[in-house]
Amino acid sequence: MGGQPVATTLVTITPRSINDEFTARFGRQPKLFRAPGRVNIIGGHTDYNEGFVLPTTTGLYTWIAIVPRDDRTLRVFSCKFDSTEVIDLDQIKSCGDGQWCEYVKGVASVLEGAGHSLRGAEIVIDGDIPLGGGLSSSASLEAVLAFALLDCADVAIDRGELAQLCQRAETDFVGVRCGIMDQFAISHCTKGLAMMLDCRSLEFQSVAMPANASLLVVDTGVHHQLPAGEYNSRREECEKAVALLASEIPRLDSLRDLDLAQLEDKQKLLDDRHYRRCRHILSENQRVKDAFSALQRGDVVRLGELISASHASLRDDYEVSCAESDALVEIMHACPGVYGARMVGGGFGGCSLCLVDSAQLDQVIDKVQAEYGEMLGRPPWVHAVTASDPVGPAPASQPADDPQSEVIS
Ligand code: GLA
């Protein structure tokens with residue numbers, strides 16, 4: 001199998017472990033914050049086309065321990081990278097390398113740019129979200145850091161503004177032209193629920209996760225592209241298609257304003273590639289709405305069909321899958337009790353998800369670990385999703401030794 005291995009954590013993060021790391025380094029008791037990762041049940045690449053998405057949170061988190069300083073210096077230690085960075089809030093400069101510290105600098109920079117004057121701080125970051133796995137490790141870091149820095153500076157902020165500033169950190173500072181889904185879901189999701197988000201109006205409706213079915217995420221163990229490369233090019237293709245179609249469709253601003261009949265009618269304006277990109281976005285928006293209705297009815301069979309149709313469209317029309325994701329999805333599909341499966345996140349590797357009859361979850365995990373593990377050369381990382389709280393202070397009542405996730409290497 002080709003591609004770069006994804007760094008998957010084998011460590012279970014608890015409040016006590018990050019608290020201990022902080023006190024060992026700085027000799028003081030920190031405040032703790034955490035932000036969940038999200039998984040998008042359906043709605044791939046629709047967010048930056050002002051369309052619809054249906055994410056939930058995962059029960060995996062990025063954690064921050066923080067104590068303010070009296071100056072304007074951020075001293076930040078990443079447990080995952082075993083690395084310290086020192087940032088002067090008066091001179092924030094991008095290195096342009098897309099590494100973890102760029103996200104920290106990006107968040108500090110956009111918060112300051114929006115007029116929120118920050119204080120320096122000692123910070124330790126840790127988490128159990130696989131990096132680059134399509135479970136929004138980046139957005140989770142942005143959100144928890146923004147929340148913690150603003151808390152340190154005694155600034156109250158609206159969650160909608162928080163999500164938009166974190167998105168800006170990624171688009172303007174890191175250079176990945178992502179949509180709003182990840183940051184918005186992490187800031188607004190509710191325990192036990194999924195949300196259908198309209199990425200144009202930012203209105204959302206919540207719906208309960210199914211009572212008798214589970215979402216299982218499995219890491220392919222590969223990540224083929226640099227974050228910005230193919231992702232940004234898909235966004236540019238959509239923008240170009242809108243520009244071409246707008247020559248004959250008045251007031252067309254985004255693919256959100258188009259329906260499949262209009263697309264068929266104006267197909268001659270597009271080459272095959274741009275036509276298929278549009279077909280994916282339009283059909284995916286409809287699938288999100290249908291999936292939301294299916295969830296409201298508790299119809300897991302229909303939801304599974306839509307999830308699988310989403311994968312086919314992402315693979316064939318949007319071309320953001322890869323051999324490993326397709327193989328993993330096929331293995332998931334073949335398991336008794338699986339209603340549907342698809343890749344998640346930006347694509348080109350990372351995790352895939354499947355919707356599974358909860359009574360058969362253990363057997364599905366065993367089968368996927370054995371069969372995909374044979375291809376990968378080791379059992380893949382797996383995680384059964386539990387929709388969790390949004391970004392905020394770490395719950396005080398949480399038992400210090402309560403594991404946040406089951407992590408299997
Ligand atoms: C990444 C981006 C999101 C979204 C997904 C694809 O996770 O950060 O904004 O576009 O890819 O659905």
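General remarks:
- Mean Cβ neighbour count within 10 Å, used as a protection proxy, ranking 259-266, 368-375, 98-105 highest first: 98-105, 368-375, 259-266
- Angle in degrees between helix 300-316 and the longest Cα principal axis of the chain, rounded to the nearest 10: 90
- Tensor-based shape of the range 216-325 (alpha-carbon gyration tensor, a/c under 1.5 rounded, otherwise prolate or oblate): oblate
- Near Ile157, once Lys and Arg are set to +1 and Asp and Glu to -1 for all other residues with Cβ below 14 Å from its Cβ, the sum equals -4.
- The residues His311, His188, when put in order of fewest to most other Cβ atoms within 10 Å, stand as His188, His311.
- Mean Cβ count within 10 Å, highest first, over the residues of peptides 47-57, 239-249, 137-147, 326-336: 137-147, 47-57, 326-336, 239-249
- All-pairs Cα distance distribution in the range 15-209, expressed in whole percent, bin size 5 Å: 1, 8, 17, 21, 21, 15, 9, 5, 2, 0
- Between the range 12-39 and the range 325-360, the Cα center-to-center distance that results, in Å: 32
- Mean Cβ neighbour count within 10 Å, used as a protection proxy, ranking 211-224, 122-135, 190-203 highest first: 122-135, 211-224, 190-203
- Note on Asp257 and Glu203: their simple-model spin labels are 1.9 nm apart, each label 7 Å out from Cα toward Cβ.
- Prolate/oblate/rounded call for the range 280-396, Cα gyration tensor, a/c under 1.5 rounded: rounded
- For the chain, the longest principal axis of the C-alpha atoms and the axis of helix 137-152 are separated by about 40°.
- Residues in the range 304-334 reached by a label modelled at Asn212 [backbone nitrogen below 16 Å; 7 Å Cα→Cβ]: 304
- Between helix 361-376 and the chain: long-axis angle, C-alpha atoms, 0 to 90°, nearest 10: 90
- Prolate/oblate/rounded label for the chain (Cα gyration tensor, a/c 1.5): oblate
- Computed magnitude of the charge dipole of the chain (debye, nearest 20; Cβ of K, R +1, Cβ of D, E -1): 300
- Ala396 versus Glu161: modelled label distance in nm, points set 7 Å from Cα along the beta carbon direction: 2.7
Every read-out reported here was derived from the displayed coordinates using simple, explicitly stated rules and does not represent laboratory data. As the structure is a prediction and not an experimental result, all values here were calculated from the model. All Cβ positions, even for glycine, are placed from backbone atoms using ideal geometry, and neighbour counts span all protein chains on display.
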